[in-house]
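Heads up, the thing below is written out as structure tokens.
The values are calculated or read from the model by the stated rules, or taken from the named source; none is laboratory data. Bear in mind the structure is a predicted one, so any value in this text is a computation, not a measurement. To get the accessible areas, we keep the full protein, side chains included, count just its heavy atoms, and leave off ligands, DNA and RNA. Shrake-Rupley method; radii C 1.70, N 1.55, O 1.52, S 1.80 Å.
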Amino acid sequence: MPEPDHASERSPARVVAYQHPELDGVLFCREHGENWAGLIPLTTVDLTGVGFCSWGTDDDATVCGRALPAKKPRQ
């Protein structure tokens, strides 16, 4: 029996958000996280609830704030 292809589970079509690797709770929508090196791609399997895209300008004049599924709490 062939092994499951976990790489296909993380294909761009299945990614719903990106997590910052060092800042807990910082998520980005696909639009703002897709080409940012080092972000962790997340699928609906990794997420539960609702969070918001953290992308914004330094002066908070423009903030994405797009609703996203939220990361599951650490156990």
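Got a sec? What order do Glu34, Glu22 fall in by accessible area at 1.4 Å, biggest, i.e. largest, first?
On the way: Glu34 85, Glu22 155 Å².
Per-residue accessible area, sorted high to low, gives Glu22, Glu34.
Near the amide H of Arg14, within less than 5 Å, lie no amide hydrogens of residues on another chain or at least 5 residues away, with H placed in the peptide plane.
Annotation: amide H of Trp55 within the under-5 Å range of Cys29, Cys64, Gly65, sequence separation 5 or more or interchain, hydrogens built in the peptide plane.
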